[in-house]
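Q: Below you'll find the structure I mean.
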Amino acid sequence: MKPKVIPGVPLQEKGSFHDTESVKYFENHDLAYENFQILKDRFLSINYWYYYSKAAGADFKLHTKEGILKKRLPEIGDFIRIDIPGPGNFEARGYDWVEIKNLYSEEFTSGKTLEFYLMECRPSGIPGKEEKHTAHFYTNEATSTFIISRGEDFIKSGVYGRNESPNLDANMADKARNLVIALGGMVGLSKIQWQSLTDGLLNF
């Protein structure tokens, strides 16, 4: 299976990848539009993703570049703290971190997709600390791109992982942990976690 080529999603060059999507169909355009407004609010409410996924996946918390919990809308340059099921990152006190590198939306008057929102994240160091060592089980070459979209009679949520390789630039405990989690992602375990999020965002 090859990764999908999607505008705004980095090309796959090495390591593992995944394309995780959920779709919900409606009887007409108006219903699709109305429900997309709910999906948009959920998509931008990162601190509540854990609840939308029915507590079946990771817990996400939005932070500023200073490392302070943020309760407003996400922006480029913000960070997301991730608490995944299982052993956490020892160096980062049990958490993994990503930085929001891209965030934008577009609307179209015709075509299969009429509106979408895109957010690209990349593994990062811990915000607010001078040490910029990557605090994540993947290297900082990996990306996770979150997209929600609306068509004439559907809404869709998706997460697209690209260039996922284990972060071995870590202490011995984290190196072993990162390798185990990355290998789990390669055999599809991380896709199960992402599926709980994409399904949950549409479950209203």
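The values are calculated or read from the model by the stated rules, or taken from the named source; none is laboratory data. Values in this document were obtained by computation on a predicted structure and should not be read as measured data. For neighbour counting, all protein chains shown are included, and Cβ atoms are generated from backbone atoms with ideal geometry for every residue, glycine included. Just so you know, the surface numbers come from the protein's heavy atoms only, side chains and all, with ligands and any DNA or RNA stripped out. Shrake-Rupley method; radii C 1.70, N 1.55, O 1.52, S 1.80 Å.
Q: If Glu152 satisfies all but one of (1) in contact with a strand residue (DSSP E or B) (Cβ under 8 Å, 6 or more places away or on another chain); (2) surrounded by fewer than 20 Cβ atoms within 10 Å (Cβ to Cβ); (3) at pLDDT 90 or above; (4) part of a loop (DSSP other than H, G, I, E, B), what's the number of the condition it fails?
A: The single condition Glu152 does not satisfy is (1).
Q: Output the number of the condition that Gly77 fails; it satisfies all remaining conditions of (1) modelled with pLDDT under 95; (2) at positive phi.
A: (1)
Q: Let me ask something else about it. Given (1) at pLDDT 95 or above; (2) surrounded by fewer than 22 Cβ atoms within 10 Å (Cβ to Cβ), identify the lone condition not met by Gly111.
A: The one condition Gly111 does not meet is (1).
Q: Could you go through the stretch 54-65 and let me know if any residue there is open to solvent by less than 50 Å² (accessible area, probe 1.4 Å), touching a residue at least 24 places away in the same chain (Cβ under 8 Å) and acidic (Asp, Glu).
A: Yes.
Results for (1) modelled with pLDDT of 95 or more; (2) part of a loop (DSSP other than H, G, I, E, B); (3) closer than 19 Å to Val159 by Cβ; (4) out of contact with any Lys or Arg (no Cβ under 8 Å at 6 or more places or on another chain), shown as yes or no for each residue.
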| position | (1), (2), (3), (4) |
| --- | --- |
| Phe17 | no, no, yes, no |
| Val23 | yes, no, yes, no |
| Leu31 | yes, no, no, yes |
| Tyr48 | yes, no, yes, no |
| Ala55 | no, yes, yes, yes |
| Phe90 | no, yes, no, no |
| Ser105 | yes, no, yes, yes |
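Residues are listed down the side, and each one gets a yes or a no for (1) open to solvent by 40 Å² or more (accessible area, probe 1.4 Å); (2) touching a Leu at 6+ places or on another chain (Cβ under 9 Å); (3) touching a residue at least 40 places away in the same chain (Cβ under 8 Å):
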{"position": "Thr20", "(1), (2), (3)": "no, yes, yes"}
{"position": "Val23", "(1), (2), (3)": "yes, yes, yes"}
{"position": "Tyr33", "(1), (2), (3)": "yes, yes, yes"}
{"position": "Gln37", "(1), (2), (3)": "yes, no, no"}
{"position": "Phe43", "(1), (2), (3)": "no, yes, yes"}
